[in-house]
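Working notes, structure below.
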Amino acid sequence: MEATVIRTSGDHVHVRTEEGMILPATLRGKFRLTVHDLTTPVGVGDRVRVRTEEGIAVIEEIFPRRNWLIRVDPNHYHRRQILACNIDQALLLVTVEAPFTPLRYVDGFLVLCEAFDVPAGLAFTKADLPLKPSSEEKRRNLIRLYQQIGYPTFLVSSQTGEGIESLRVYLRNKRTFITGLSGVGKSSLINRLIPFLHLPTQPLVRLTQRGRHTTTYSALYELPEGGEVIDSPGFGEFRIGDVQPSELSHYFPEMRAYLRQCQFNNCLHIDEPGCAVLPAVERGEIPSSRYHTYLALLKELKATPT
Ligand code: GDP
Ligand code: ZN
């Protein structure tokens, strides 16, 4: 029988069978041995073949994936952790205050999506909350910046419903991986999109305490108007593995046009003679914030043992 992995929490996996039955699932040893470098051998969205045994789905086969998002397992740099499988797009939720989302985090997510060829979008949440004027301006500029690069960018409020309709259009009939820092309003947004789901949300007082997550699992939910969202834990980073330093700039869409004009084809765009990227940054054609995160990610990439 075929099934879809709809929930993972560490080694605990649930599947939904073709008939719509939700069952706990187990993986028998062989996957662990063959796919040795993954934290968990299946991810939410995986298609699997199962046999049921006393109410438990035994996963016998994992079907080839259309695509996936994986990151470096922060606890074991040689391992990869599956974020989601077989997805149409990925949406990062962003707040400029409470919690503060670093641009490194946003750009790290976008680079990961580019590297795995997954269309990415951004949604700035909590539009109803008043911001300091400087933060408000920052948010406006960021929305413009990412839209200009070509990423669909939304401004939404789960409280008032502002922006929710255009987000629904973006999500309709697609399978979307949704993530963001803990406290960004992910559960609130998914509750708004799917009435009656009632995911627990965190009290605001907790938001100042780092490392608290309401979500410690990944789970797939169906949208009432068609499509699915994959809810995920508030990942702290999206460290990308298996990328050569000279590849990194290809994952910055606004840099791509300049890359072939660099004198050296392995140019890292740091201070090389004949680099076409550096003057474009100076002319403001490549946003300097993006160039700075490029340099930070490059450094991180070089420091990640593989
Ligand atoms: P998660 O950790 O990303 O799932 O975030 P939650 O959904 O638990 O939200 C964290 C806090 O932000 C909660 O106290 C929510 O009530 C609050 N929050 C979330 N979305 C909004 C919003 O659109 N407007 C306002 N004012 N508060 C929000
Ligand atoms: Zn260059």
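Restricting attention to the range 121-137, which residues are over 9 Å from VAL96 (Cβ atoms) and among the acidic types (Asp, Glu)?
Within the range 121-137, ASP128, GLU137 qualify.
Table: residues versus (1) exposed (fewer than 12 other Cβ atoms within 10 Å of the Cβ); (2) small (Gly, Ala, Ser); (3) more than 14 Å from ligand 2 (Cβ to nearest atom).
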site	(1), (2), (3)
ARG260	yes, no, no
HIS269	no, no, no
CYS275	no, no, no
ILE286	no, no, no
SER289	no, yes, yes
THR293	no, no, yes
LEU297	no, no, yes
LEU301	no, no, yes
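With respect to LEU248, determine if the residue is part of a strand (DSSP E or B) and either within 11 Å of ligand 1 (Cβ to nearest atom) or modelled with pLDDT of 95 or more (or both). Break it down stepwise before answering.
Working: part of a strand (DSSP E or B): no; either within 11 Å of ligand 1 (Cβ to nearest atom) or modelled with pLDDT of 95 or more (or both): yes.
No; evaluated as a whole, the condition is false for this residue.
Taking strands (runs of 3 or more DSSP E) that do not extend beyond the range 38-127, which have at least 3 residues that are without any contact (Cβ under 8 Å) to a residue 40 or more places away in the chain? Step through it out loud before you land on a result.
Numbers: elements: 47-53, 56-62, 68-73, 76-85, 89-94, 120-124.
Because the criterion is at least 3 residues that are without any contact (Cβ under 8 Å) to a residue 40 or more places away in the chain, the strands (runs of 3 or more DSSP E) in the range 38-127 that meet it are 56-62, 120-124.
What's the number of the only condition in (1) within 26 Å of ALA296 (Cβ to Cβ); (2) of a type outside the set (A, V, I, L, M, F, W, C); (3) modelled with pLDDT under 90 that THR216 fails to meet?
Unmet condition: (1).
Just to be sure, is PHE264 within 16 Å of ligand 1 (Cβ to nearest atom), part of a loop (DSSP other than H, G, I, E, B) and aromatic (Phe, Trp, Tyr)?
Numbers: within 16 Å of ligand 1 (Cβ to nearest atom): no; part of a loop (DSSP other than H, G, I, E, B): yes; aromatic (Phe, Trp, Tyr): yes.
Considered against the rule, which asks whether it is within 16 Å of ligand 1 (Cβ to nearest atom), part of a loop (DSSP other than H, G, I, E, B) and aromatic (Phe, Trp, Tyr), PHE264 comes out as no.
Could you please give the count of residues in the range 96-138 that are within 16 Å of ligand 1 (Cβ to nearest atom), surrounded by 18 or more Cβ atoms within 10 Å (Cβ to Cβ) and under 20 Å from SER288 (Cα atoms)?
So the answer is 6.
For the range 14-30, does any single residue satisfy the condition of being among the basic types (Lys, Arg) and modelled with pLDDT under 90?
Start the filter on the range 14-30 by keeping residues that are among the basic types (Lys, Arg), which leaves 16, 28, 30.
Checking the rest, the ones that are also modelled with pLDDT under 90 come to 28, 30.
Checking the range 14-30: at least one residue is among the basic types (Lys, Arg) and modelled with pLDDT under 90.
Does LEU69 fit the bill of being touching a Phe, Trp or Tyr at 6+ places or on another chain (Cβ under 6 Å), within 15 Å of THR8 (Cβ to Cβ) and either at pLDDT 95 or above or surrounded by 13 or more Cβ atoms within 10 Å (Cβ to Cβ) (or both)? Working first, answer last.
Values: touching a Phe, Trp or Tyr at 6+ places or on another chain (Cβ under 6 Å): yes; within 15 Å of THR8 (Cβ to Cβ): yes; either at pLDDT 95 or above or surrounded by 13 or more Cβ atoms within 10 Å (Cβ to Cβ) (or both): yes.
Criteria met by LEU69.
Looking at (1) more than 14 Å from the chain's Cα centre (by Cα); (2) closer than 20 Å to SER232 by Cα; (3) near ligand 1 (Cβ under 10 Å from one of its atoms); (4) of a type in the set (Val, Ile, Thr), which is the only condition THR160 fails?
If we test THR160 against (1) more than 14 Å from the chain's Cα centre (by Cα); (2) closer than 20 Å to SER232 by Cα; (3) near ligand 1 (Cβ under 10 Å from one of its atoms); (4) of a type in the set (Val, Ile, Thr), just (2) comes out false.
Name the pairs whose Cβ atoms lie under 6 Å apart, with the first residue in the range 128-154 and farther than 20 Å from GLY284 by Cβ, the second buried (at least 16 other Cβ atoms within 10 Å of the Cβ) and among the polar types (S, T, N, Q), and 6 or more positions between them or separate chains?
Matching pairs, first to second residue: ASP128/SER157.
Of (1) under 17 Å from the mean Cα position of the chain (by Cα); (2) in the same structural domain as ARG28 (by TED's automatic domain parsing), ARG71 satisfies all except one. Which?
Going through the list (1) under 17 Å from the mean Cα position of the chain (by Cα); (2) in the same structural domain as ARG28 (by TED's automatic domain parsing), ARG71 breaks only (2).
The values are calculated or read from the model by the stated rules, or taken from the named source; none is laboratory data. Given the structure is predicted, the values throughout are model-derived calculations rather than measurements. Don't worry about glycine lacking a Cβ; one is built from the backbone with ideal geometry, like all the others, and counts go over all protein chains shown.
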